[in-house]
Amino acid sequence: MIGIGIDTGGTYTDAVVYDMDAKRVLCAGKALTTKAQLEIGIAAALDQMDPEYVKQAEMLALSTTLATNACVEDKGSRAKLLFIGVEEASRERLGEVYASYGFRDLSQLVFLDGKPEGIYQEPQEPDWEELKRRSVEEFSMCSAAGVVQIYPQSNGGRFEKEAKEVLEEQLGIPVTTAYDLFAEVDVLKRGAGTLLNARLIPLIDEFLQAVKHVMRARGLEIPITIVRSDGSMMAEELARECPVETLLSGPAASAVGGSVLAREDDAIIVDMGGTTTDIALIRNQRPVMADTGIYIGKWKTMVKGMYVETFVLGGDCAVRFREGKLFLDSRRVIPLSLLAKEHPEVLGKLRKLAEEKRTHTRMLHEFYVLQKDISGNAGYTEEERRLCGALCEGPLMAEELAKKLGTSIYVLHTERLEEEGVLMKSGLTPTDMMVVKGDFAVYEPEAALAAIAFLAQNVRAEEAEIPDLVYDLVEKKLYCSIARILLEQKYPKKGRILREQGISEFLEWAYEDAKREEGTEWMRAAVTTELPIVGVGAPIHIFLPRVAKMLGTRMILRENAEVANALGAIAGQVVTKVQVRVKAEYKSGLLQGYAVYEGTELRMFERYGAALEFAKEAAKRQVLLKARKQGASERPQVQVTVEEIRDEASGAGILFESVVEAIATDRFQISEEAYQ
C-alpha cells in the first residue's frame, strides 16, 4: 500500500510518499510552514513530489508540532476550565500549586460546587441552573471549554457529562471532559490536560481543514490519520475530539522516523527544527516511553507518550543581548533574511540602523509582522486593533510602530497578540547566522549582516565573531541537554537534583572541557556515551557533528533525515488503550462488594472474581470500539493486564482497587466509510 506522510512543524512542512509494504521512501518534499494559511505550505511540500506517486496514495498520515509549540510558547485559542467540587478559595490560597501545573492565568478557571455520590456521606448535586445563568458571562469570548470534577470514578464522570451538555447548549462551542481523556485521580493534572485539549481544538481543526482542502484540490479523497504522543496513529474523528493526544505528535513522529532510518538497536534521536529540539531514546529497537504524564512548557499533564525532551532550540530562536552578552531567547521569530526576501524595504531600514552605530537596551533591529487580520474582532481592545492596523501595509520596527501610533516603544503592548499568533516579531536567528556563514544558501545575507552590525554595537564582540558565537550557543545547549538526559537515564531517581542549577553549571564546564579536546593535568569533566546519535531535521547536520564528537560517540545522518517526521507519520501503527477499574467498597471498615463502572452505569458484585471478569470483558468491548474509531480493523490484537492496588503499609494487603487495562494493536485499515 502507498501512503503519504506530512509533518507540519513550526518552521517547515515536510512530505513523503512511502511504500508501506516495501518500507521505502519513494519521494519527498519540503517547504516553509505558512502559519497564517497552513494550506499554502502543505501544498508547496506536496507539489514538490512526483504527482504519479501521489495519485497512488490510499491514505494520508499527519504529524505536527503545532500543539507542542503552542504549549512551549504558551499559545492557543481562548478557553476556560470548569472545576466541579473544588473549592474556589483554593485558587488564591494555592496559587503556586496551580501554577506548577500550568495554571498561571487563574482567570481561566471557573468553579462550581458539587460532591459526587459514593465518596461523600452527604452528596451534593451541582446547581445546573446556576451554571446556565453564569455560563454566557463566564465563558464569553471562549472558542472552547473544558470540564473536570473531583473523584470521577465514583459516579462515572456524571457531573462532567451533564456540565458538558449544559455548556454546549448554552454556548455552542466544543466542550472537553476530563473523564473521556484521563483515568487518573489528580484533579489538577487532569484539569491541565483538559484545558489544553480545549485550547487546542480550534488549532487542530484549522490544521485538518487546511490539509483536506489541499488534498481535495488535487482530487485525493483518502482517509486521514494523525500521530499521537505515543507514536501510534489515530483517525481524524478522534484527533478532532482529543487534540491533546497530539501534544508530542511531531516529536513522536521524528522518533519513529529516526528509528526507521537509524537501523540501530539503541540510539539517541535528536530532531532540530525551526522552533524546538526534541530528544528521544531508542532501546531494543523500540522508543522509550515516559513513566508519567507529559511535561511540556509550563504544563503538567496526564497525557501518556514517548519519552521526549522538548526544549526551545531551533533555527528560528531569537538571538538577543543582555548586559553586553548574546543569548538565545525562548521566542521564535521570523529570520531577518527571510523577511527581507519577502519585504525588500526591510534591508534599507536595517542598513540605516547599522550606519547610526547606536547602543540601546532594546532590540531595535527587530520588526513587528502582522499574521492575522483582527480589524473586525470585538475580542481585542481598541489599542490592539489600532496597533495591528498600523502593520497592515507591512512590517515595522519598534520605533516606526510607536511613532505611527503616537506613543513610545516602552508602552507597546503586544504580549497577548504574540501569544495568540496575531503578530510575530522578526529578528536575528541561528538561521541568519547559517546564511551569513554560507551553510544555508537559500536567502541573501545582507539583511542579517546589517542587523549583526547593530548587534556588535551592543555586545562585547566584533561583527565577524558573532556568527561563530551563536553557533557556539546552539552547540552548548545541545550538548548540555543531551548530557543531562543521559545522566537522568543513568540515575532515574536523581532527576530533580540533576535539574538544579549546580548541575547546569557543571555541564557547561563539561562542554568547555570537551571543546578543548584535551583535558587538564588533573582530569576531564566531559560527559560521554557509547550510544550513537541519530540526526533528524533540516539544520541538524550543521550542529550535531561537533556535539557528537564532544560526547565521544558517532553521529548517524541517513538519507531523508530532513523529512524523518513525515516518514514517522506514515510508518506508525494503531495502538489503543482503555482502563476499567474494580473498586472495593467499604463501609465502617466492612467490605460491601465490588463496584465497576462501564460509562456512567454502575454494576455491583459480591465476589471479586465476578467483578474482575466483568471488568475484563468491558475493557475488551471498549478498546475494540475505540480502536475501530481510531482506525483499526474489526479484529486487532488485544492484550489485557490487571494491576491490583493494595494497602501494603498495613501488612494486611487490603485491596483498594484493580486497574484492568486492555491494549489493542493493529495496522491502520481503510474502511469503505472512509471514502464516503
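Beta carbons within 10 angstrom, averaged per residue: use that to sort the peptides 469-475, 350-356, 602-608, highest first. Could you put the intermediate results ahead of the total?
On the way: 469-475: 19.4, 350-356: 16.6, 602-608: 13.9.
The densest-packed peptide leads the list: 469-475, 350-356, 602-608.
Considering the zone a paramagnetic label at MET141 would reach in this model (a point 7 Å from Cα along the Cα-to-Cβ line), which residues of region 387-416 have amide N under 13 Å from it?
Residues 416 fall inside that zone.
Just to check I understand the Karplus step: with θ = phi - 60° and J = 6.51 cos²θ - 1.76 cosθ + 1.60, what whole-Hz values come out for region 48-64, glycine and proline as x?
After applying 6.51 cos²θ - 1.76 cosθ + 1.60, I find 7, 9, 4, x, 5, 5, 4, 5, 7, 5, 10, 7, 10, 10, 10, 9, 7 Hz.
For region 45-64 and region 374-419, what is the separation of their C-alpha centers, rounded to whole Å?
Using only Cα atoms to place each centre, the spacing works out to 40 Å.
Given contacts defined as C-alpha pairs under 8 Å and at least six residues apart, what's the relative contact order of region 160-279, whole-number percent? Show your work: numbers first, answer last.
Details: 108 pairs, mean separation 20.0, N = 120.
Result for region 160-279 is 17 percent.
Using the Karplus curve 6.51 cos²θ - 1.76 cosθ + 1.60 with θ = phi - 60°, what ³J(HN,Hα) values do you get for each residue of region 575-584, in whole Hz, with x for Gly and Pro?
10, 10, 10, 9, 10, 10, 10, 9, 10, 6
For labels at LYS212 and GLU446 in the simple 7 Å Cα→Cβ model, what's the distance in nm?
In this crude label model, LYS212 to GLU446 measures out at 4.5 nm.
Kindly report, to the nearest 10 Å², the accessible surface of CYS480 as traced by a 1.4 Å probe over protein heavy atoms only.
Around 20 Å² of this residue is reachable by solvent.
With each pseudo-label sitting 7 Å past Cα toward Cβ, what's the GLU383-ILE173 distance in nm, one decimal?
Taking the two extended label points, one gets 2.3 nm.
List the residues, sorted by chain then number, that are 5 or more residues from TYR12 or on another chain and whose placed amide H is less than 5 Å from its amide H.
It is THR33, GLY274, by chain and number.
May I ask for the distance between the Cα centers of region 426-496 and region 80-157, given as a whole number of Å?
Centre-to-centre (Cα) distance: 44 Å.
Expressed as an acute angle from 0 to 90° and rounded to the nearest 10, what is the orientation of the C-alpha long axis of helix 501-516 relative to the principal long axis of the chain?
Roughly 40 degrees between the two axes.
How large is ³J(HN,Hα) for each residue in region 113-120, as worked out from phi by the Karplus curve 6.51 cos²θ - 1.76 cosθ + 1.60 (θ = phi - 60°), to whole Hz, x for Gly and Pro?
Each residue of region 113-120 in turn: 5, x, 10, x, 5, x, 10, 9 Hz.
Under the rule of at least 5 residues apart or a separate chain, name every residue whose amide H is placed under 5 Å from the amide H of PHE656.
Amide H neighbours of PHE656: ILE645, ARG646, ASP647.
Would you mind checking the tilt of helix 187-217 against the longest principal axis of the Cα atoms of the chain, expressed as 0 to 90 degrees and rounded to 10?
Long axis of 187-217 versus the principal axis of the chain: about 60 degrees.
Ignoring everything but the protein chains, give the 1.4 Å probe accessible area of LYS30 in square angstrom, nearest 10.
50 Å²
Relative contact order (percent) for the chain, with alpha-carbon contacts under 8 angstrom and 6 or more residues of separation?
On the way: 1438 pairs, mean separation 93.5, N = 676.
Rounded, it is 14 percent for the chain.
Under a 1.4 angstrom probe, counting protein chains only, how are SER481, SER107 ranked by accessible area, largest first?
From most exposed to least exposed: SER107, SER481.
If one computes the Cα centroid of region 174-225 and of region 605-631, what distance in Å separates the two points?
One Cα centre to the other: 25 Å.
Which order do peptides 573-583, 505-515 fall in by mean Cβ count within 10 Å, highest first? All intermediate terms of the calculation are to be shown ahead of the outcome.
Working: 573-583: 21.1, 505-515: 17.3.
Ranking the peptides 573-583, 505-515 by packing returns 573-583, 505-515.
Can you list the aspartates and glutamates whose alpha carbon is less than 14 Å from that of LYS404, not counting same-chain residues fewer than 8 positions off?
Reachable aspartates and glutamates: GLU383, GLU384, GLU393.
By how many degrees, 0 to 90 and rounded to 10, does the Cα axis of helix 158-171 deviate from the longest principal axis of the chain?
Between helix and principal axis, roughly 50 degrees.
Counting only protein chains, not ligands or nucleic acids, how are ASP316, ASP666, ASP21 ordered by accessible area (probe 1.4 Å), most first? Before the final figure, lay out the partial values.
Details: ASP316 5, ASP666 25, ASP21 100 Å².
Sorted descending by solvent-accessible area, the residues read ASP21, ASP666, ASP316.
Could you work out the relative contact order of region 247-390? I mean the mean sequence separation of Cα pairs under 8 Å and 6+ apart, divided by the number of residues, in percent. Walk me through the intermediate numbers first.
Working: 175 pairs, mean separation 21.2, N = 144.
Relative contact order here is 15 percent.
Carbon and sulfur: what percent of the chain's accessible surface (1.4 Å probe)? Mind dumping the intermediate values first?
Numbers: 14370 of 30190 Å².
Carbon and sulfur together cover 48 percent of it.
What does the C-alpha gyration tensor say about the overall shape of region 101-155? Classify as rounded when a/c is under 1.5, otherwise prolate if a/b is larger than b/c, or oblate. Please list the in-between numbers first.
Numbers: a/c = 2.70, a/b = 1.55, b/c = 1.74.
Because a/c hits 1.5 or more and a/b fails to exceed b/c, region 101-155 counts as oblate.
Quick one: which residues, 5 or more positions from ALA61 or on another chain, have an amide H under 5 Å from its amide H? H modelled 1.01 Å from N in the peptide plane, none for Pro or chain starts.
ILE4, GLY5, ILE6, THR225
Any chance you could look up the accessible area of ASP266 with a 1.4 Å probe, heavy atoms only, rounded to 10 Å²?
Spelled out: ASP266, probe radius 1.4 Å, area about 50 Å².
The values are calculated or read from the model by the stated rules, or taken from the named source; none is laboratory data. Just so it is clear, the structure is predicted and the values come from calculations on it, not from any experiment. Glycine gets a Cβ as well: all are built from the backbone with ideal geometry, and neighbour counts include every protein chain shown. These area figures cover heavy atoms from the full protein model, side chains too; ligands, DNA and RNA do not enter into them. Shrake-Rupley method; radii C 1.70, N 1.55, O 1.52, S 1.80 Å.
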